[in-house]
Amino acid sequence: RSDKLFEFQVISDLHLDGVNEVTHERVKTAFTQIKEFSPQTSGIFIVGDMTDHGYENEYIEMFSIIDEVYGENKPYIECVIGNHESINGQTYNELMSLYNKYTGHDKSYFSMKLEGLKFIALGSVKASGEGVGVRCELGAEQIDWLEQELASAGNETVFVFLHQPLKDTVSGTLSSLNQSWDGLNDVEVSRLRNIFAKHPKASLFTGHTHWHLESERAALIGNGSDANFF
């Protein structure tokens, strides 16, 4: 084992709705704890369902909580699209317009460098009102792009973020236990698993299931023959 290089946090499913005080305080507590436990964090990645309906006031609520906790010394923060960002029936273009306004991204997928390593965000190219529902559709173009991004990273560690988990990876998606809270169609899952198997130093972080970390498989570790799934 080497010395620790850096820290980052991954959280998801805040479901802020602008009116629920319990949820508001819970999210505030989460960011307060991150600030306390990791004052030198390199970044916080919010993996979807920041909002409960995709409304603008819900985005405002989230960033107001972050401002309240961190003030002017906010860490690097990235937000990944979840199914609840589009649950109120808006079109995908309307969804992306609001997402762009508050995150600065004009696509649901993008990559960045942090601490010298590649971080990749993935997201649905359709809104829930366009036939996807709680699930996600990445599309061939995005999956091709992901494959190229991973290839360009070579043998380096890569961190990937997607709201919905892949079938038979983590708690809530295990078909052997009749769990079905995965989030992509079988064709895309098959292709993604094949791609990730070629990159055992990649780690995919997902949310969506609401299963806690004491569940029977909070992580699937590839042990050099596959990627890692959290």
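The values are calculated or read from the model by the stated rules, or taken from the named source; none is laboratory data. Source: prediction; values computed, not measured. Here the Cβ positions follow ideal geometry from the backbone for every residue, glycine too, while neighbour counts run over all protein chains shown. Surface accessibility is based on the protein's heavy atoms, side chains included, excluding ligands, DNA and RNA. Shrake-Rupley method; radii C 1.70, N 1.55, O 1.52, S 1.80 Å.
Listing for the model above:
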quantity	calculated
Flag for THR169 being open to solvent by less than 20 Å² (accessible area, probe 1.4 Å), at pLDDT 95 or above and among the hydroxyl-bearing types (Ser, Thr, Tyr)	yes
Test result for VAL27, open to solvent by less than 20 Å² (accessible area, probe 1.4 Å) and not in a loop (DSSP other than H, G, I, E, B)	yes
Residues that are touching a residue at least 12 places away in the same chain (Cβ under 8 Å) and among the polar types (S, T, N, Q), drawn from the range 160-180	GLN164, THR169, SER171, THR173
Identity of the residue in the range 184-195, out of contact with any Lys or Arg (no Cβ under 6 Å at 6 or more places or on another chain) and of a type in the set (Val, Ile, Thr), that ends up most open to solvent (accessible area, probe 1.4 Å)	VAL187
Filtered residues of the range 202-226 (kept if over 16 Å from the mean Cα position of the chain (by Cα) and open to solvent by less than 90 Å² (accessible area, probe 1.4 Å))	SER215, ARG217, LEU220, ILE221, GLY222, GLY224, SER225, ASP226
Unmet requirement for LYS198, which otherwise passes all of (1) without any contact (Cβ under 8 Å) to a residue 12 or more places away in the chain; (2) open to solvent by 70 Å² or more (accessible area, probe 1.4 Å)	(1)
Hey, VAL47 surrounded by 15 or more Cβ atoms within 10 Å (Cβ to Cβ), among the hydrophobic types (A, V, I, L, M, F, W, C), within 20 Å of PHE205 (Cβ to Cβ) and in contact with a Ser or Thr (Cβ under 6 Å, 6 or more places away or on another chain) or not	yes
Test: residue in the range 178-187 that is farther than 15 Å from GLY48 by Cβ, at pLDDT below 95 and among the hydroxyl-bearing types (Ser, Thr, Tyr)	yes
Checking GLY18 against (1) at pLDDT below 95; (2) under 30 Å from ASP144 (Cα atoms); (3) over 16 Å from the mean Cα position of the chain (by Cα), the condition it does not meet	(2)
Residue in the range 30-43 that is most open to solvent (accessible area, probe 1.4 Å), counting only those that are assigned to a helix (DSSP H, G or I) and under 21 Å from LEU5 (Cα atoms)	PHE37
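Table: residues versus (1) within 27 Å of VAL132 (Cα to Cα); (2) touching a helix residue (DSSP H, G or I) at 6+ places or on another chain (Cβ under 9 Å); (3) touching a residue at least 40 places away in the same chain (Cβ under 8 Å); (4) not basic (Lys, Arg).
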{"position": "ARG26", "(1), (2), (3), (4)": "no, no, no, no"}
{"position": "ASP49", "(1), (2), (3), (4)": "yes, yes, yes, yes"}
{"position": "TYR55", "(1), (2), (3), (4)": "yes, yes, no, yes"}
{"position": "ILE66", "(1), (2), (3), (4)": "no, yes, no, yes"}
{"position": "TYR76", "(1), (2), (3), (4)": "no, no, no, yes"}
{"position": "CYS79", "(1), (2), (3), (4)": "yes, yes, no, yes"}
{"position": "HIS84", "(1), (2), (3), (4)": "yes, yes, yes, yes"}
{"position": "ILE87", "(1), (2), (3), (4)": "yes, yes, yes, yes"}
{"position": "GLY104", "(1), (2), (3), (4)": "yes, no, no, yes"}
